[in-house]
Every structure is written in structure tokens, then in C-alpha cells.
Amino acid sequence: MRCSSWLLILLPFVLGGCPRQDLTRSCPPAAVKPEPVIVERKVYVSIPAELTPEPVVAEGPLSECPNVAAARRKTIETCAANMRKIRGIQGTAVKP
């Protein structure tokens, strides 16, 4: 009996929080109208592996100095040629 009397006392307060409007209606219009945004995505062109080998630097004794210097010069010229090719590829469009 005591429990039912408390239930009768609290029932209006518990039910008072229920909404009195239809919950299935649509939301009010948004304050800001959504618009599509175009985002540019940068895609990098891959560099072929044959343009990026690790150069072999010639070494040798002092008596072989002219031959070592010539081999190093050839290595530097090869690296410079590869860099020119890489600069030519840089910034080009990516092929699908």
C-alpha cells in the first residue's frame, strides 16, 4: 500500500517530462546551407628505379689517381643526367 501511494505521488512528475509533440516530424531548417567543397589532392609521379640507383664511388691508391678521378667524374656525370631526367618527370600528370 505504501509503495502504491508513492507511485501515485511520483507518477505526474515522471510523466510530466514526456514530450507532447510528434517525434516523427522533420528537423528545422539548418542555419547554414551545406555546399559541396572541391578539395584538390596532389598526386606525385613516381620516379623510375633506374634513375635512382646508388652511385658507386671509385676508390684506389694514390698511384691510380687519374683513373680514380676519371671514374668519379663519370659517376658524377651519370648522377647529373639522372637528375635532369627526374626534373623532366617532376610535375607531369599521373597516368592512370
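A short reminder: the numbers here are calculations on the coordinates, not readings from a lab. Just so it is clear, the model here is predicted, and its values are computed rather than measured. Here Cβ is always computed from backbone atoms with ideal geometry, including for glycine, and neighbour counts include all displayed protein chains.
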Describe numerically, in nm with one decimal, the distance between label points set 7 Å from Cα along Cα→Cβ at Arg73 and at Lys33. 7.1 nm
Which far-off residues, 5 or more places away or on another chain, put their amide H under 5 Å from the one on Val45, with H placed in the peptide plane? Gly91
Once phi is turned into ³J(HN,Hα) by the Karplus curve 6.51 cos²θ - 1.76 cosθ + 1.60 with θ = phi - 60°, what whole-Hz value does each residue of segment 55-69 show in order, with x for glycine and proline? x, 9, 8, 5, 9, x, x, 4, 5, 9, 3, x, 5, 5, 4
Amide H neighbours of Ala58 at under 5 Å, excluding residues fewer than 5 places away on the same chain, with H built from the backbone geometry, are Arg72
